[in-house]
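Nothing in this text is a laboratory measurement; each read-out follows from the coordinates by a stated rule. Keep in mind the model is a prediction, meaning the values are calculated, not measured. Here Cβ is always computed from backbone atoms with ideal geometry, including for glycine, and neighbour counts include all displayed protein chains.
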Amino acid sequence: MITDKNVLRDAVRTAVNSVKITDIHTHLYSGSFGDLLLWGVDELLTYHYLIAEYFRYSDMSYRDFFALSKREQADLIWQTLFLEHSPVSEAQRGVLTVLNKLGLDVRSRNLDSFREYFADMNTQDYIDKVFEISGVKSVVMTNDPFDPLEKPYWDTEGNQDPRFKAALRIDPLLNEYPTSYKKLQDWGYQVSVDLDQRSIDEIKRFLTEWIKKMDALYLAVSLPPNFTVPEDSLRSRIVEQCVIPVCRELNVPFAMMIGVKKLVNYQLGLAGDSVGKAEIQTVEYLCRSYPENKFLVTLLSRENQHELAITARKFRNLMVFGCWWFLNNPSIIDEMTRIRMETLGLSFIPQHSDARVLDQLIYKWSHSRQIIAEVLIDKYSDIIDAGWAVTEEEIKRDVADLFGENFWRFIGRSCD
């Protein structure tokens, strides 16, 4: 039994730093997807977070910037964000953490030497290295059959690396049905724009076939702040008449990531999306109306986090996960993790990386481990003050739950 707080601190940090992680939501691909897997210093530097931050300082036109090669863009970002100003933002710090953890001398500030390191690296060897350094055991990809670059891989060899799990992404189906239905027609599904009964049956067939084809762990969609169910809309009808029944039949959770305001500055491309407060009533409605379905939910607005945690107290078929996108700042991760732990105990998933570049697994999990460990230390200290005591085995159990087992148990699958 641990009652000494110095011993407690060491035990928690050891458990958190050694646990093998299941990263339940990323935008990564396995090596079998070729150039869709992004990695290396130029990809890190041209990540859309840093592009947006670059334009905080630069007067360059958006058009001229995006006309440059990736290497030229990276040069500008390195010069502006790292040499002309101290790199204190979380995205900037993340690049430094990656390079440092790889054993590179970031104090040299020598971008060309960093490039030489990556130029000598084999893709598969680098995947292994990143997984080892980050302590990640497996990641869940974001897999979109509507993506013309990705679909051919699924139609041929598919995913060949068991560490990479699939999630079926259906944004075009829900958010752009008046145009995406044409692709379904091209693929042999007998659907129409007015979503008649035959179309509903065919969409269900599409979802079922692709879940099985990918062995998808869940269905996922990114949604705007005004996402509402029920309402008189194609999206609402597809959710209730297609997604919900298929998920229930196949025992697959529906993951909703709510709060994205798309392209508030369209000239920035991927960097032009923003955030809005969602309405929690839709989550309540779905959890209440479909108790046999499972829902994974993360909301993008900081202002939504308390009510989402309270909603999870009311519905056991709701699993709250991660600090998504604009919430991936240390101060907010700390606050959100404390809110959730004080409200839900250990029955949530505190983080996912949302990584689009393989290397980001290193910094996002390094930074998040530190924060989550400190929250756990405080919470264990609180119950020690109340006369309780914990053991090292209990700490390891709790940490394993937070960093993976809660997810696998919720979806009803084995991590292997």
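Data table
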| quantity | calculated |
| --- | --- |
| Segment 262-302: projected area of the alpha-carbon convex hull, averaged over directions, in nm² | 3.7 |
| Volume in Å³ per residue [convex hull over Cα atoms, computed for segment 5-411] | 148 |
| Mean ellipticity per residue at 222 nm, deg cm²/dmol - from DSSP H runs of n ≥ 4 across the chain, formula -39500 (n - 2.57) | -14000 deg cm²/dmol |
| Spin-label model distance (nm) - Glu393 vs Ser32, 7 Å beyond Cα toward Cβ | 3.9 |
| Cut-off under 5 Å, modelled amide H: who pairs with Ala278 long-range | Ser301 |
| Cα gyration tensor shape of segment 1-136, rounded if a/c is under 1.5, else prolate or oblate by comparing a/b with b/c | prolate |
| Amide proton proximity set for Met319, modelled H, under 5 Å, gap of 5+ | Phe295, Leu296, Val297 |
| Distance between segment 197-264 and segment 1-31 - C-alpha centres, whole angstrom | 33 |
| The chain - percent relative contact order, Cα under 8 Å, separation 6 or more | 23 |
| Net charge dipole size for the chain [Lys, Arg +1 and Asp, Glu -1 on Cβ; Debye, nearest 20] | 620 |
| Descending Cα extents along the principal axes, segment 260-361, whole Å | 41, 26, 24 |
| Spin-label pair Thr156/Val193, simplified geometry with 7 Å Cα→Cβ offset, distance in nm | 3.4 |
| Highest to lowest packing among 145-151, 20-26, scored as the average C-beta count within 10 Å | 20-26, 145-151 |
| Loop chymotrypsin sites (Phe, Trp or Tyr not before Pro), segment 265-298 (other Cβ atoms within 10 Å of the site Cβ: 10 or fewer; DSSP) | none |
| Near-label residues of segment 158-196 by backbone N, under 16 Å of a point 7 Å along Cα→Cβ of Glu231 | 174-178 |
| Sparse-neighbour loop sites [GluC sites (Glu not before Pro); segment 286-315; at most 10 other C-beta within 10 Å; DSSP] | Glu292 |
